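> Right, I'll just put the structure down here and ask away after.
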Amino acid sequence: MSEPRRMRDQPRWQAAALIPLVVGLAWLIFGWSHGLVVPVLATLAGVPLLGCATAIAFWPGDRQITQYLAVGAVASIFLAVVLWPWLGLVSLGLIVGGSVCFLAAGWVATRESVRPLAVPEPPLSLGVCRKVATDEALLGMFVAGARIPRGAVVKRDFDELSALHDLAESGHWSADRRSWHRTPAPPRDVRLTPSKAQGCRFDWLHFDSGFEADTALPGAARWQAHRPNQRMAARIFRHEGEPRPWLICIHGYRMGINELDLSLFRAKRLHLKFGMNVAMPILPLHGARRIARVTGGHFLDGPMADLVHAQAQGLWDLRRLKAWIGAEQPDQPIGALGYSLGGYHAALLAAFEADLACVIAGIPLTDIPAALWAHMPTLHLRYLEAQGLSQAQLSALMAPVSPLHLTPVVPYERRYIFAATADRLVDPEQPLRLWRHWGEPSMHWYHGSHLSVRREAELLPFVEDALDRHGLIVTRSGAAR
């Protein structure tokens, strides 16, 4: 059952529509007074802003309006910089106008959002609007570049999900969904290679994943054919000398690369200042394991049946990594910290590894079908549902790999969650549902967005207190505090 929700009072007409209206007109007026090339670029900048202004005024509420307004604002700022030699100081005004349009996208998105009653109301401040607009811009680019299923692809998804439904009905996975997951043994073919990136020294750990997709499930052979994905990879930050506590840091969707992961987790701080060993695994189809041009390609936007294989292998690989750590340094506490999609997998770990020192699920995605349905264009959703595909159907079929359908075995006092009140990528209802499912453990809400998590200083004490409380932070002498 969904949480009770609330929404701010909405005026009939959004005054914020005047901002992109004025800026869009300014682009056309000033741009079309110069030569041949400038008008074309001015049209590319101005027309999307005018379109979004019209949509906000007459068709408010569609989530993609603010997404495209945020993208259009960023594009207009870039074009204003490019056209500076022709427009001079007018470009400065257009840069300011684009910046205000960007904030307007965040303001409208925040004002129009609907949140569970249990989630604190974020303020309509410039800071929050800027953070929300950043989420909106990323979503706009994701949606604009996403491969939307149609035709034969949708028929394949329907056929495979129907077959998956029949297997579930026949009891292929029992009422105890945990029994469907095998327990991996520690890897033996381990290879460690020294590396350095972003000022951090670490070892790349590689071993065969050993994951075998359930051959009874549709898409198993297709999943196993992803050869780069069959090799597990993880960055290892390990101190010499006596064994130390370990923290497994699990990255988010479209991550798995040094430039994003190392800064997100503050790897150097965890390893050197707090004295712990750190393992940073690469999730399936990400980073060095990717099968597409972009990291994470086909993980959430591939065949729908593959969503089960993706989460199952993600859990398997993490448990196999934990088994390797346990074999290398027995009796050392091991914790898990995940962000977004990594929070999803950290929550999965909590349902299988009872001896984890602590599990911290950060801005966790917990219901993948709900997220897909929330961000897919309305027309394509109607098309999918007309072909017989539904969010409820997919959610039910993903139950064996869903943290909301698996009972946590990590003790209550070792479970932690933090989430954003103005998150546009992961609806705040998702971490709230995990909090309810976990028995309402320690939780922290911050007034920000999904992407602003990197810069939310108030999160550090919450995370560090959890790590310290369960013996993961080490003194300079090497002893747990």
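> Where both residues lie in segment 353-481, what percent of DSSP beta bridges are antiparallel, nearest 5?
10 percent
> Once you sort the root eigenvalues of the Cα gyration tensor of segment 68-173 as a ≥ b ≥ c, which label holds: rounded (a/c under 1.5), prolate (a/b larger than b/c) or oblate (the other case)? Write out the running numbers ahead of the final one.
Details: a/c = 5.57, a/b = 1.87, b/c = 2.98.
In terms of gyration-tensor shape, oblate.
> Measuring from label point to label point, each 7 Å out along Cα→Cβ, what is the Tyr412 to Glu385 span in nm?
Placing both labels 7 Å along Cα→Cβ, they lie 3.8 nm apart.
> Over the Cα atoms of the chain, what radius of gyration and what Dmax do you get, in Å?
According to the Cα coordinates of the chain, Rg and Dmax are 23.8, 73 Å.
> Determine which lysines satisfy two conditions relative to Lys196: a Cα distance under 17 Å, and not lying fewer than 8 residues away in the same chain.
Reachable lysines: Lys268.
> Which residues does a label at Ala396 reach in segment 140-156, if reach means a backbone N under 20 Å from a point 7 Å past the Cα toward the Cβ?
Answer for segment 140-156: 155-156.
> To check my understanding: the extent here is largest minus smallest coordinate of the Cα atoms along each principal axis. What are those three numbers for segment 384-433, in Å, largest first?
Over segment 384-433, Cα extents along the principal axes are 45, 29, 11 Å.
> Here's something else I'd like to know. If you take the charge dipole of segment 126-251 about its Cα centre, with +1 on Lys and Arg Cβ and -1 on Asp and Glu Cβ, which of Gly151, Pro243, Ala185 is farthest toward its positive end?
Selected residue: Pro243.
> Roughly how many Å² is the accessible area per residue of segment 261-376, as a whole number, for a 1.4 Å probe? Walk me through the numbers on the way to the answer.
Details: 2640 Å² over 116 residues.
For segment 261-376, the solvent-accessible area averages 23 Å² per residue.
> How much mean residue ellipticity at 222 nm does the chain get from its helices, if each DSSP H run of length 4 or more adds -39500 (n - 2.57) and you divide by all residues, to the nearest 500 deg cm²/dmol? Don't skip to the answer; put the middle values down first.
Working: 16 runs with 210 residues, N = 481.
Only helices count here, giving -14000 deg cm²/dmol.
> Continuing with the same structure: What is the antiparallel percent of DSSP beta bridges lying wholly in the chain, to the nearest 5? Let's see the in-between values first.
On the way: 21 of 43 bridges.
Expressed as a percentage, antiparallel bridges in the chain total about 50.
> Compare the Cα positions of Val114, Ala133, Ile56 along the charge dipole of the chain (+1 at Cβ of Lys, Arg; -1 at Cβ of Asp, Glu; about the Cα centre) and return the one farthest towards the positive end.
Ala133
> Ok, one more. Any chance you could check the Cα centroid distance between segment 202-245 and segment 1-49 for me, in angstrom?
46 Å
> Can you bin segment 295-379 into rounded, prolate or oblate? Criterion: square roots of the alpha carbon gyration tensor eigenvalues sorted a ≥ b ≥ c, rounded for a/c under 1.5, prolate for a/b above b/c, oblate for the rest. Write down the numbers at each step before the final one.
Numbers: a/c = 3.19, a/b = 2.08, b/c = 1.53.
Prolate.
> Excluding ligands, DNA and RNA, what is the solvent-accessible area per residue of segment 385-481 at a probe of 1.4 Å, expressed in Å²? All intermediate terms of the calculation are to be shown ahead of the outcome.
Working: 3850 Å² over 97 residues.
The answer is 40 Å² per residue.
> In the chain, what percent of the accessible surface is made up of carbon and sulfur (1.4 Å probe, ligands and nucleic acids excluded)? Could the numbers behind the result be given before it?
Working: 12040 of 20200 Å².
That share works out to 60 percent.
> Taking a ≥ b ≥ c as the square roots of the eigenvalues of the Cα gyration tensor of segment 414-461, is the shape rounded (a/c under 1.5), prolate (a/b larger than b/c) or oblate? Each step should come with its number before you reach the end.
On the way: a/c = 2.84, a/b = 1.32, b/c = 2.14.
Because a/c hits 1.5 or more and a/b fails to exceed b/c, segment 414-461 counts as oblate.
> On a 1.4 Å probe surface of the protein chains, which of Thr66, Thr193 comes out largest in accessible area, and what is the full order?
Numbers: Thr66 5, Thr193 50 Å².
Result of the area sort, largest leading: Thr193, Thr66.
> Further question: Obtain the nm distance between the two label points defined at Trp204 and Ser170 by a simple spin-label model: each point lies 7 Å from its Cα along the Cα-to-C-beta direction.
Result for the modelled spin labels: 4.2 nm.
> Could you give the accessible area per residue of segment 160-216, probe 1.4 Å, as a whole number in Å²?
Details: 3480 Å² over 57 residues.
Here the residues of segment 160-216 average 61 Å² of exposed surface.
> If you place +1 on the Cβ of every Lys and Arg, -1 on the Cβ of every Asp and Glu, and leave all else neutral, what size is the dipole of the chain about its Cα centre, to the nearest 20 Debye?
Details: 48 positive and 41 negative charges, 197 e Å.
Using only the charged Cβ atoms, the result is roughly 940 debye.
The values are calculated or read from the model by the stated rules, or taken from the named source; none is laboratory data. All values reported here derive from a predicted model rather than from experimental measurement. Ideal geometry is used to build each Cβ from the backbone, glycine not excepted, and the neighbour counts take in all protein chains shown. Quick note on the areas: whole protein, heavy atoms, side chains included, nothing else; ligands and nucleic acids left out. Shrake-Rupley method; radii C 1.70, N 1.55, O 1.52, S 1.80 Å.
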